[in-house]
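Worksheet: one structure, shown below.
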Amino acid sequence: MAELPPTRKRLLDFIQVEVHAGRPIPTLREIAAKLGFRGHRAAAFHLDALKRDGFIQSESGKARSLRVTSPLAKLRSRVADIPLYGSIPAGFSDDREQQPDGCVTVDVASIGFKPTRNTFALRVVGDSMIGKFICDGDIAVFEHGPDPRPGQIVAALIDRKNTLKTFLVKNGKPFLKAENPKYPDLIPSEELVIQGVFRALIRRAKE
């Protein structure tokens, strides 16, 4: 479902304010006056649109029986907050600890999947993954838990240093590959722990 147009968002907000204040549902005349419509027909048009989209309901045969089915829940159901755990090097690995750094609010449709409690985000630092169009300053979204398949991008802890690379397996042995010829492959000498599998990328416009 597309986001509400501004006029319908204002109308829904107006109805919610009146309901929460304990006042009757506004009439078409009141709606037209509040939103600056020239007549009742425009008010009725936008009310009908809100009904079709499921934001409000009315009982048949009862005047002024409009009911807000959920205060913007249909819009909020599309939005998720993903915890942001600091940064991750996309270059040479680093032994910095990942620290909580707020959260990233996303539209579920824009990232292509519904985040779970195992979803987290990291801010990319460096250019080792530019071959996969992951750039310095981007925010990468990961899912903790699933085992990576060869060729998937991962957030990993290799010999106690974290990094962002492509997961590969050669002769039965896993290693990490940079997507920039300036950086070498990373072969674990002690351990390789996959912290999360890459799921989505968030890029903010540079000022």
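Any read-out appearing in this document is the output of simple, stated calculations on the displayed coordinates, not a laboratory observation. As the structure is a prediction and not an experimental result, all values here were calculated from the model. So basically every Cβ, Gly included, is an ideal-geometry build from the backbone, and we count neighbours across all protein chains shown.
Looking at Lys177, Lys170, just one residue is more than 24 Å from Ala200 (Cβ to Cβ) and of a type outside the set (Gly, Ala, Ser), and that residue is Lys170. Of all residues in the range 136-150, those satisfying the criterion of being out of contact with any helix residue (DSSP H, G or I) (no Cβ under 8 Å at 6 or more places or on another chain) and in contact (Cβ under 8 Å) with a residue 24 or more places away in the chain are Asp136, Gly137, Asp138, Ile139, Ala140, Phe142, Glu143, His144, Gly145, Pro146, Asp147, Pro148.
Table: residues versus (1) touching a Gly at 6+ places or on another chain (Cβ under 9 Å); (2) more than 17 Å from Ala90 (Cα to Cα); (3) touching a residue at least 12 places away in the same chain (Cβ under 8 Å); (4) crowded, with 18+ Cβ neighbours inside 10 Å.
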residue: Lys114; (1), (2), (3), (4): no, yes, yes, no
residue: Ala121; (1), (2), (3), (4): no, no, yes, yes
residue: Ile134; (1), (2), (3), (4): no, no, yes, yes
residue: Gln152; (1), (2), (3), (4): no, no, yes, no
residue: Pro184; (1), (2), (3), (4): no, no, no, no
residue: Leu192; (1), (2), (3), (4): no, no, yes, yes
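Looking only at residues in the range 14-33 that are among the aliphatic types (A, V, I, L, M) and over 15 Å from Leu4 (Cβ atoms), the one that is surrounded by the most Cβ atoms within 10 Å (Cβ to Cβ) is Ile31.
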